[in-house]
Amino acid sequence: MTTNKRIVLSSDHAAIPLRQTIAKHIEAKGWEVVDIGPTTPESTHYPKHGQAAAERVASGDCERGIILCGTGQGIMMAANKVKGIRCGVCSDTFSAAMIRQHNNANMLSIGARVVGEGLALEIVDAYLDAEFEGGRHATRVDMIEEA
Ligand code: RB5
């Protein structure tokens, strides 16, 4: 698998401060962060931000993506409409590691109105530090891609 250690970040208006905190945290871990905004707090539409981030990952420009909205749910649904994207919403560290180990998730979604900053950063660490296990899980991931 090719790695470029580039990660795209995006959110809607509900998650801008948490997204910016996550960006600093990830940069300190050695990733190149591509933060595609938004940066101003006006109400906006999560589907366009989820899809824009997903396209950066699907094109190979970024290896991973982290997206946020109030619940993490709507922006995740939008990202998963892009071919080749496997994005899960996580509110716990176990799931964040498992979506890498078993589902080879190339994107993570977090709900800024669901988890606090401390837990969000632990979720990010669990997601970024876990590796895909392959084997029988690769067969299943291939089935998702072929659907
Ligand atoms: C915005 O109010 C809210 O609907 C959005 O951030 C997200 O939670 C949708 O899934």
Checklist line | Single condition Thr71 does not satisfy, out of (1) in contact with a Leu (Cβ under 9 Å, 6 or more places away or on another chain); (2) open to solvent by 20 Å² or more (accessible area, probe 1.4 Å) | finding: (1)
Notebook entry, point to check: Given (1) farther than 21 Å from Arg113 by Cβ; (2) of a type outside the set (Val, Ile, Thr); (3) away from the ligand (no atom under 16 Å from the Cβ), where does Lys24 come up short, assuming only one miss?
Noted result: (1)
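Quick check on Pro17: is it assigned to a helix (DSSP H, G or I), out of contact with any His (no Cβ under 6 Å at 6 or more places or on another chain) and open to solvent by 60 Å² or more (accessible area, probe 1.4 Å)? Give the derivation first.
On the way: assigned to a helix (DSSP H, G or I): yes; out of contact with any His (no Cβ under 6 Å at 6 or more places or on another chain): yes; open to solvent by 60 Å² or more (accessible area, probe 1.4 Å): yes.
Judged against the criteria, Pro17 is a match.
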Check: Tally time: how many residues in the range 88-129 are free of Cβ contacts under 8 Å to residues at least 60 places away in the same chain, assigned to a loop (DSSP other than H, G, I, E, B) and either open to solvent by 50 Å² or more (accessible area, probe 1.4 Å) or under 22 Å from Asp61 (Cβ atoms) (or both)?
Finding: 8
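Which one is farthest from the ligand (Cβ to nearest atom), of the residues in the range 27-39 that are open to solvent by 40 Å² or more (accessible area, probe 1.4 Å) and in contact (Cβ under 8 Å) with a residue 12 or more places away in the chain?
Start the filter on the range 27-39 by keeping residues that are open to solvent by 40 Å² or more (accessible area, probe 1.4 Å), which leaves 27-30, 32, 35-36, 39.
Next, from what is left, pick out any that are in contact (Cβ under 8 Å) with a residue 12 or more places away in the chain: 29-30, 32, 35-36, 39.
Working: Lys29: 26, Gly30: 29, Glu32: 26, Asp35: 17, Ile36: 16, Thr39: 16 Å.
Ranking the candidates gives Gly30 first.
The values are calculated or read from the model by the stated rules, or taken from the named source; none is laboratory data. Not measured: the values here are computed from a predicted model. Virtual Cβ from ideal backbone geometry, glycine too; neighbours counted across all protein chains shown. These accessible areas exclude ligands, DNA and RNA; they are computed on the full protein's heavy atoms, side chains included. Shrake-Rupley method; radii C 1.70, N 1.55, O 1.52, S 1.80 Å.
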